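The values are calculated or read from the model by the stated rules, or taken from the named source; none is laboratory data. No experiment lies behind these values; they were computed from the predicted model shown. Neighbour counts run over all protein chains shown; Cβ positions are idealised from the backbone, glycine included. SASA here: full protein model, heavy atoms, side chains in, ligands and nucleic acids out. Shrake-Rupley method; radii C 1.70, N 1.55, O 1.52, S 1.80 Å.
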Amino acid sequence: MPRLVHLIRHGQSTFNAIQDVTGKDPMMFDAPLTPLGHEQAAARGKELAGNHYDLVITSPLTRAIQTARGIFGHGKPLVVDPLHREWVNWSCNIGRPATELATDFPDLDFNHLEGDWWHVDGPVNENGIVCEPHSSLLARVAAFQAMLASHKEKRIAVIGHGDFFSQIVGYAMRNCECIEWVRR
């Protein structure tokens, strides 16, 4: 039986807002949503309000969690999973410790996140950011797809990131864009 997965990119982050203008990394770690990003999430929530989801999964990066909350509020349980975190090549893709996330989002479970749950080993770019090799990203995409295939739920929403999702859908999604990805 077909399974529907909605892949939803996070709303505009503070990083996106600055980087889109300057073209440079503004050195914002785990960037939160801008007011526009919150508006985008609320609008997407209205559009998806009639959909029933058996499972909602979010990346542990703050902008994804804020987007998930903006779309689904606090009434829908969220599963935090680092497998579909963003490709580490910019400062905003470096996460925060689980203890800090738990302080900001006390209703979510971060106990399964160990240490530095984002990529921390490899070459360093000109800004001092440890960059994740593309091969590592592709391995995570494959593991993510296998993880989704193992779930029995029929309708799943996944809140994540542009570079990660582009490896699945074949193009760069806009902020808060939603793609229907039918899995068999």
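Answer yes or no: is there a residue in the stretch 133-145 that is open to solvent by 30 Å² or more (accessible area, probe 1.4 Å), in a loop (DSSP other than H, G, I, E, B) and either within 20 Å of ASP163 (Cα to Cα) or among the small types (Gly, Ala, Ser) (or both). There is at least one residue in the stretch 133-145 that is open to solvent by 30 Å² or more (accessible area, probe 1.4 Å), in a loop (DSSP other than H, G, I, E, B) and either within 20 Å of ASP163 (Cα to Cα) or among the small types (Gly, Ala, Ser) (or both).
For the stretch 142-165, a residue qualifies if it is without any contact (Cβ under 8 Å) to a residue 60 or more places away in the chain and over 25 Å from HIS52 (Cα atoms), and exactly one does: ALA142. Considering (1) crowded, with 17+ Cβ neighbours inside 10 Å; (2) closer than 29 Å to VAL120 by Cα, the lone condition that VAL21 does not fulfil carries the number (1).
Take ASP109 and tell me if it is in a loop (DSSP other than H, G, I, E, B) and either surrounded by fewer than 17 Cβ atoms within 10 Å (Cβ to Cβ) or among the hydrophobic types (A, V, I, L, M, F, W, C) (or both). Quick ask: steps written out before the conclusion?
On the way: in a loop (DSSP other than H, G, I, E, B): yes; either surrounded by fewer than 17 Cβ atoms within 10 Å (Cβ to Cβ) or among the hydrophobic types (A, V, I, L, M, F, W, C) (or both): yes.
Yes.
How many residues, within the stretch 49-80, are more than 28 Å from HIS119 (Cβ to Cβ) and either among the charged types (D, E, K, R) or touching a Cys at 6+ places or on another chain (Cβ under 7 Å) (or both)? Going through the stretch 49-80 one residue at a time, the tally reaches 2.
Given GLY122, GLY162, GLY115, GLY170, which one is surrounded by 14 or more Cβ atoms within 10 Å (Cβ to Cβ) and of a type outside the set (S, T, N, Q)?
On the way: GLY122 fails: surrounded by 14 or more Cβ atoms within 10 Å (Cβ to Cβ); GLY115 fails: surrounded by 14 or more Cβ atoms within 10 Å (Cβ to Cβ); GLY170 fails: surrounded by 14 or more Cβ atoms within 10 Å (Cβ to Cβ).
Criteria check complete, one pass: GLY162.
Being small (Gly, Ala, Ser), assigned to a helix (DSSP H, G or I) and either open to solvent by less than 10 Å² (accessible area, probe 1.4 Å) or at pLDDT below 95 (or both) holds for only one residue in ALA31, ALA64, ALA102, ALA42, and it is ALA64.
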